[in-house]
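Data first, discussion second: the structure below is written as structure tokens.
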Amino acid sequence: MSPSRRYAYFFLIAVLTGALALAAGCLSEPEDTSGDLTGPATPAALTYYTEDLPPYNYLENGTLQGIAVDLLEAITEQMGEKVPRDEVRLAPWTEGYTAALTQNATVLFTMARTPERETSFKWVGPISTDRYVLFAGRDRAIAVAGPDDLKNYRIGVIADDISIQQLLDLGVDRSRLVQETNVSAIIAGLESGEIDLWCYSETGGRHFAEEVTGNAYTYTVVFTLQDVDNYYAFSRDVPDETVRSFQQALDALKLETDATGISTYEQILGRYIPSIGFTHLKYLTEEWAPFNYEKEGRAAGISVEILEAVFSNIGVNRTGSDVRIVPLAEGLQAAQNDTGTVLFSLARTPEREPLYQWAGPFASARFVLFAPAARNIAIASPQDLDRYRIGVVEESVEKDFLLALGVNASGLVAGETPKDLLSMLEEDRIDLWATGELAGRHQMMQTGGDPDVYEMVYTLGESDLYYVFSKDVPATLIRTFRQALDTVRNQKDEQGVSEYERIIYRNLGVGCTGQTFSDEAVIALVDMTAAAIERDAADTFRRINAGEAPYRDPEDPALYAFVYDADLTMVAHADNIRLVGANFRGKTDVAGKAFRDEILKGALENGTGWAEYVYVSPVQQNLYYKTTYYRLTTGSDGNAYIVCSGNFKRCDA
């Protein structure tokens, strides 16, 4: 139940009973019935009410879940009489609130403790503290340093929500507040640009963002307001001794810790609040540059920077300094046990698939064999490999590739790190070195060697790279991590560039890649899409945004269509629907080229043409030079559109 509904119910109660007067900001104290219960009341003697308010209390697959529900079971078990969750009544807020005000031996949760409610209930808590924040669309260049910066923005709020008073107390003029009766209307206003900011509790806001948009991190926090403490509210007749027992049990849960120093209370919060849950995990990686390696005493590299960007999205107080570099075998072993472990960067293979929970991919890598150029080693087939001593990191994907090719395991020489293997190659203790192409080149430069002394003599294969989680990490955290990673990869900033692109550009620059489809296929897709828009623009845009074939090739997802209007607003995109509705006039690629303006200019002057820029391959994850074909057309609605599709440039182009 949204806060607006709660306040509406409170107002109704005030009208009907005279007990509540929200319009005046006060509550009349109910009759003291504390004498109705003689002696302490046991937990089982009380009636419990809650509402549907994730992540505190909600129904999932027919079972009550949430912070307050789990905590209630732990509290009452601590008291010696566990109240199971199926004995809690899930009811509309007004029903539970009325019961807690008028009935005996009643507990209602989760409730914000405010001065107006203070004398109407007895309190146990806090269950948690939720902060109210201002959300903004990530493609909006909105920076709020202080309350004075808010005067020029339209702020969406729920009617009668406590956020209104918080904003008024900050000096925001009431005329700048856009009041709605439900969150969906506010989110629609954010998407359309009718409002600039949304004021809501951060935890609840993330939930509703996921519910409406599919991603909890669609919107970014630009300002923080007051914190609100949430409690269990007991009816006034419950004896003080009972309330004290509940409070003492809750306090004990906050103090007792496990072997890692995490309290039972923190464990419960961590299941549902990602910013807390992710601080409880261990982060491990190996020495495998440029994705992860040690630099100036701490973990660095592409995967570490992406992890830090994910942390920033979720609000996790962790950095690369909290990542420990260990041998790969040690990291794999830790992540295979119930140890609350995150390990990266890991190639996904059928053998590894069931051992972990996976998030990604976030990059791709090519795995090769390096040899001293002076030896002129030529590998014509996998059978040739058995003639050589091949260095591999134990438990690595390179070893899996070699064994899958039929290479005899007796010819494999194990090393703990890439540095070890390069030394072995230099000292002629191995003939070939199996590693990632980028990792090998980076290691050569790090050790001061000349990369031209070595050559790639065989390609083992390619694989996407992932973050993996041990099986005991809650599914809610995995889902949140995936969403935040998706945001880092796909959400463009005010310049039209994602944080992922900036990370890849800083670390790898721009490359080229082999084409998997022809330029003729690109032209054919654009011509076909333009013809469809001329026949039925609305239905074609719907199908493109749904990623349907033929607008996104199911066999080769790098072949897809996207469409701008004549003002360079994206109206359809078969690969990244997040871009739809954004205006890209003046926005650039990661190298600073305003290629979309070039597309618009060329389309208006010539009708069709090609434009070159830097972009992320949806298949190979990295940054490549891309060339896009465009065509100006007129839709069935009479509007002008620019239909586009692109191809990544060949390495020999």
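Couple of notes before you dig in:
- Scanning region 309-356 for residues that are under 16 Å from residue 394 (Cα atoms), surrounded by 22 or more Cβ atoms within 10 Å (Cβ to Cβ) and of a type in the set (S, T, N, Q) gives a single hit, 345.
- Checked against the criteria, residue 646 does not count as open to solvent by less than 50 Å² (accessible area, probe 1.4 Å) and farther than 30 Å from residue 506 by Cα.
- Residues in region 477-490 that are out of contact with any helix residue (DSSP H, G or I) (no Cβ under 6 Å at 6 or more places or on another chain) and not charged (D, E, K, R) were compared, and the one that is modelled with the lowest pLDDT is 483.
- Inter-residue pairs, beta-carbon under 7 Å, first under 15 Å from residue 325 (Cα atoms) and in region 298-313, second β-branched (Val, Ile, Thr) and not in a helix (DSSP H, G or I), 6+ apart: 299/285; 299/323; 299/325; 303/285; 304/323
- Wholly within region 257-372, helices (runs of 4 or more DSSP H) carrying at least 2 residues that are under 16 Å from the mean Cα position of the chain (by Cα): 264-272, 274-277, 302-314
- Just one of the numbered conditions (1) open to solvent by less than 30 Å² (accessible area, probe 1.4 Å); (2) part of a helix (DSSP H, G or I) is not true of residue 225: (2).
- Among the residues of region 60-80, those identified as surrounded by 21 or more Cβ atoms within 10 Å (Cβ to Cβ) and either outside any helix (DSSP H, G or I) or at pLDDT below 95 (or both) are 64, 66.
- Some residue of region 116-134 being buried (at least 18 other Cβ atoms within 10 Å of the Cβ), within 20 Å of residue 196 (Cα to Cα), touching a residue at least 12 places away in the same chain (Cβ under 8 Å) and not hydrophobic (A, V, I, L, M, F, W, C): yes
- Of all residues making up region 375-408, the number that are more than 19 Å from residue 429 (Cα to Cα), in a helix (DSSP H, G or I) and open to solvent by 20 Å² or more (accessible area, probe 1.4 Å): 6
- Listed conditions (1) open to solvent by 40 Å² or more (accessible area, probe 1.4 Å); (2) at pLDDT below 95; (3) out of contact with any Phe, Trp or Tyr (no Cβ under 8 Å at 6 or more places or on another chain); (4) not hydrophobic (A, V, I, L, M, F, W, C) are all met by residue 575, apart from (3).
- Sub-7 Å Cβ pairs linking a first residue in region 240-254 that is under 14 Å from residue 42 (Cα atoms) to a second residue that is assigned to a helix (DSSP H, G or I), at least 6 apart or interchain, are 246/75; 249/75; 249/78, ordered by first then second residue.
- Test result for residue 266, acidic (Asp, Glu) and surrounded by 23 or more Cβ atoms within 10 Å (Cβ to Cβ): no
- Once region 81-97 is narrowed to residues that are in contact (Cβ under 8 Å) with a residue 40 or more places away in the chain and touching a helix residue (DSSP H, G or I) at 6+ places or on another chain (Cβ under 6 Å), the residue that is most open to solvent (accessible area, probe 1.4 Å) is 94.
- Inspection of region 409-430 finds a residue satisfying the criterion of being open to solvent by less than 10 Å² (accessible area, probe 1.4 Å) and part of a loop (DSSP other than H, G, I, E, B).
- Test for residue 297: is it of a type outside the set (Lys, Arg), open to solvent by 10 Å² or more (accessible area, probe 1.4 Å) and over 29 Å from residue 221 (Cβ atoms): yes
- Any hit, region 532-555, residues being more than 22 Å from residue 214 (Cβ to Cβ), touching a strand residue (DSSP E or B) at 6+ places or on another chain (Cβ under 9 Å) and not in a helix (DSSP H, G or I): yes
- Candidates in region 228-251 are the residues that are in a strand (DSSP E or B) and over 14 Å from residue 105 (Cα atoms); of these, the one that is farthest from the chain's Cα centre (by Cα) is 231.
- Close pairs from region 602-629: first among the charged types (D, E, K, R), partner at pLDDT below 95 and in a loop (DSSP other than H, G, I, E, B), Cβ under 7 Å, at least 6 apart: 626/649
- Listed by first and then second residue, the pairs linking a residue in region 550-562 that is without any contact (Cβ under 8 Å) to a residue 24 or more places away in the chain and open to solvent by 40 Å² or more (accessible area, probe 1.4 Å) to a residue that is in a loop (DSSP other than H, G, I, E, B) and not aromatic (Phe, Trp, Tyr), with Cβ atoms under 7 Å apart and 6 or more places separating them unless they lie on different chains, are 552/574; 552/575.
- Taken over region 186-204, the criterion of being surrounded by fewer than 17 Cβ atoms within 10 Å (Cβ to Cβ) and touching a strand residue (DSSP E or B) at 6+ places or on another chain (Cβ under 8 Å) is satisfied by 191, 194.
- Flag: residue 440 matches the condition of being touching a residue at least 24 places away in the same chain (Cβ under 8 Å), buried (at least 17 other Cβ atoms within 10 Å of the Cβ) and part of a helix (DSSP H, G or I).
- Residue 483 vs. criteria polar (S, T, N, Q), under 27 Å from the mean Cα position of the chain (by Cα) and open to solvent by less than 50 Å² (accessible area, probe 1.4 Å): yes
Table: residues versus (1) aromatic (Phe, Trp, Tyr); (2) part of a strand (DSSP E or B); (3) within 14 Å of residue 313 (Cβ to Cβ).
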| site | (1), (2), (3) |
| --- | --- |
| 465 | no, yes, no |
| 468 | no, yes, no |
| 479 | no, no, yes |
| 484 | no, no, yes |
| 487 | no, no, yes |
| 494 | no, no, no |
| 503 | no, no, yes |
| 506 | no, no, no |
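- Every residue from region 519-568 that is of a type in the set (Val, Ile, Thr) and over 33 Å from the mean Cα position of the chain (by Cα): 523, 533
- Residue match in region 357-368 (condition: open to solvent by less than 10 Å² (accessible area, probe 1.4 Å), modelled with pLDDT of 95 or more and either in contact with a helix residue (DSSP H, G or I) (Cβ under 6 Å, 6 or more places away or on another chain) or charged (D, E, K, R) (or both)): yes
- Flag for residue 589 being open to solvent by less than 20 Å² (accessible area, probe 1.4 Å), in contact (Cβ under 8 Å) with a residue 24 or more places away in the chain, in a loop (DSSP other than H, G, I, E, B) and among the charged types (D, E, K, R): yes
- Qualifying residue in region 214-223 (condition: closer than 29 Å to residue 277 by Cβ, of a type in the set (Gly, Ala, Ser) and touching a Lys or Arg at 6+ places or on another chain (Cβ under 8 Å)): yes
The values are calculated or read from the model by the stated rules, or taken from the named source; none is laboratory data. This is a predicted model, so every value here is computed, not measured. When we count neighbours, we look across all protein chains shown, and the Cβ atoms used for this are built from the backbone with ideal geometry, even at glycine. Surface accessibility is based on the protein's heavy atoms, side chains included, excluding ligands, DNA and RNA. Shrake-Rupley method; radii C 1.70, N 1.55, O 1.52, S 1.80 Å.
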